[in-house]
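The values are calculated or read from the model by the stated rules, or taken from the named source; none is laboratory data. This is a predicted model, so every value here is computed, not measured. Quick reminder, even Gly has a Cβ in these numbers, built from the backbone with ideal geometry, and neighbours come from all protein chains shown.
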Amino acid sequence: MFNNHTQIFLSDLNPGDCATVAGLTSNGTIKKRLLEMGFTRGATVKVEKYAPMGDPMELVIKGYHLSLRKKECQCILVVKEP
């Protein structure tokens, strides 16, 4: 599904960008927590904005808003939508 597209980390996106989740690079409790929040393969995520100091990021996924630290967003591989 994502073989012909460049995968980047969610933390590399800018406000207003949309992307599709391609996978997670973390393990254990962080991975479980991200999956429970909806970061499953194929889910669409939009970057709403960054906090004034650049961390955390405000995201929209599966119809709800959440904030994640950049460190957590560096565990989420996405394919940016055009």
(request) Those residues that are under 10 Å from the mean Cα position of the chain (by Cα) and without any contact (Cβ under 8 Å) to a residue 60 or more places away in the chain, I need them from the stretch 59-74; list them, please. (result) L59, V60, I61, L68, K70, E72
(request) Scan the stretch 58-73 for residues that are touching an Asp or Glu at 6+ places or on another chain (Cβ under 9 Å) and part of a strand (DSSP E or B) and jot them down. (result) E58, L59, V60, H65, L66, S67, L68
(request) Give the residue that is surrounded by the most Cβ atoms within 10 Å (Cβ to Cβ), with candidates limited to residues of the stretch 27-57 that are touching a helix residue (DSSP H, G or I) at 6+ places or on another chain (Cβ under 9 Å) and in a strand (DSSP E or B). (result) V45
(request) Scan (1) under 15 Å from Q7 (Cβ atoms); (2) exposed (fewer than 15 other Cβ atoms within 10 Å of the Cβ) for the single condition V60 breaks and write down its number. (result) (1)
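A quick yes/no check of all residues on (1) among the aliphatic types (A, V, I, L, M); (2) without any contact (Cβ under 8 Å) to a residue 12 or more places away in the chain:
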| site | (1), (2) |
| --- | --- |
| S11 | no, no |
| A19 | yes, no |
| L35 | yes, yes |
| P52 | no, yes |
| V78 | yes, no |
(request) Test G16 against the stated conditions and say whether it is of a type in the set (G, A, S) and surrounded by 12 or more Cβ atoms within 10 Å (Cβ to Cβ). (result) no
(message) Testing K31 on (1) under 9 Å from the mean Cα position of the chain (by Cα); (2) at pLDDT below 95; (3) of a type outside the set (A, V, I, L, M, F, W, C), one condition comes back false. Which one is that?
(response) (1)
(message) Filter the stretch 52-76 down to the residues that are of a type in the set (A, V, I, L, M, F, W, C) and under 17 Å from N14 (Cβ atoms) and list them by number.
(response) M53, M57, L59, V60, I61, L68, C73, I76
